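Quick notes on the structure that follows.
Read-outs throughout are calculated quantities, based only on the coordinates presented, and are distinct from any laboratory measurement. What you see is a predicted model, and the numbers here were worked out from it, not measured in a lab. Because the Cβ atoms are built from the backbone with ideal geometry, glycine has one as well, and the counts that use them run over all protein chains shown.
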Amino acid sequence: MTATRGFGIDIGGSGIKGALVDLEKGQLIGDRLRIDTPRPATPDAVADVVAEIVTHFGWDGPVGITLPAVIKKGVSHTAANIDPSWIGTDADALFAKRLGRSEDDIAMLNDADAAGMAEMRFGDPAARKGLTALLTFGTGIGSAVFLDGKLVPNTEFGHLEVDGHDAEKKAAASVKDNEGLSYPEWAKRVNRYLTVLENLIWPDLFIVGGGVSKKSEKWVPLLDIRTNVLVASLQNNAGIVGAAAAAVEGIEH
Ligand code: BGC
């Protein structure tokens, strides 16, 4: 049986968003529900919000859930922009228990990996050929790398050291806001970051995503790098869509 509907939840530093997803079109069905991320965002507090969202939609099928963290076999291993108590948490087991499901019905994955999976399935077909690197610019920088459409999970290129700094501390979209940078000023930093990255992995294509990709005309044309740059087509909902797809396809790593 091929499911045509799925359910995805995207856990971020400021909000937790969930929605029903049409897996043929790669679009949300109806409105998404967003609830502020609890503070502190401990695993138990976040699990309560996730359960509230799933209950709100009356969904009883498999659930895909993203975290801004390295996820291996359902366990979260990092916490750059989330509560440190996530490190070592078996997120798969936590959400399965809280949602009354088996662990097979929960797909945990990194937020950028989820966004990338959505782009691979529903975005520009050109991205499925060769080496594509998707970068999400938000609170941090997330990365998702695909070879001929197949994910190389947990790449964490947002933490590449660039000119002596953790890249996301200089080039994330949040830094633009916090330091009051203009688009041209921020684009320079993104340019430097992408230059370092392209010299290391020689991708065929970069896809840039995250909320700031909605204003792509203000900064993408300023980039002067070797690799072609495409703007993500799913933008804000890519994480939800990718998570829902992962839950149905049973993709775990
Ligand atoms: C985290 C990544 C995440 C990215 C975007 C980084 O700080 O280490 O796991 O994908 O932020 O949220």
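Some observations on this one:
- Computed from the C-beta positions of K129 and D36, the FRET efficiency with R₀ = 41 Å rounds to 0.55.
- Restricting attention to the range 102-238, close to 55% of DSSP beta bridges with both partner residues there are antiparallel.
- Summarising the label geometry, the points placed 7 Å from Cα in the beta-carbon direction at T55 and H77 lie 3.4 nm from one another.
- Take every pair of alpha-carbon atoms less than 8 Å apart whose residues are at least six positions apart; their mean separation over the length of the range 1-105 yields a relative contact order of 23 percent.
- Magnitude of the charge dipole, the chain, Cβ model with Lys/Arg +1 and Asp/Glu -1, debye to 20: 500 debye
- Using alpha-carbon coordinates, inclination of helix 238-249 to the longest axis of the chain, degrees: 50 degrees
- Top of G15, G158, G242 by mean-square fluctuation, Gaussian network on the chain, Cα under 10 Å: G15
- Most fluctuating residue given options A80, A112, A232, as computed from a GNM of the chain linking Cα atoms under 10 Å: A80
- Antiparallel content of DSSP bridges confined to the chain, in %, to 5: 65 percent
- With both labels modelled 7 Å from their Cα along Cα-to-Cβ, the A3 to W202 distance reads 4.0 nm.
- The angle separating the long axis of helix 43-57 from the principal Cα axis of greatest extent in the chain is about 70 degrees.
- Over 28 Å [Cα-Cα, the range 9-158], rounded percent: 16 percent
- Over the chain, Cα pairs under 8 Å with separation of 6+ residues give a relative contact order of 24 percent.
- Gaussian network model of the chain, springs between alpha carbon atoms under 10 Å - residue of V50, V70, V175 with greatest fluctuation: V175
- Based on Cα contacts under 8 Å between residues 6+ apart, the range 144-241 shows a relative contact order of 22 percent.
- Using alpha-carbon coordinates, inclination of helix 111-122 to the longest axis of the chain, degrees: 90 degrees
- Percent of Cα pairs in the chain per distance bin of 5 Å, from zero to the largest separation: 1, 7, 15, 19, 20, 16, 12, 7, 3, 1, 0.
- Pairs of Lys residues in the chain are counted when their Cα atoms are under 17 angstrom apart and they lie 8 or more places apart or on different chains; the count is 11.
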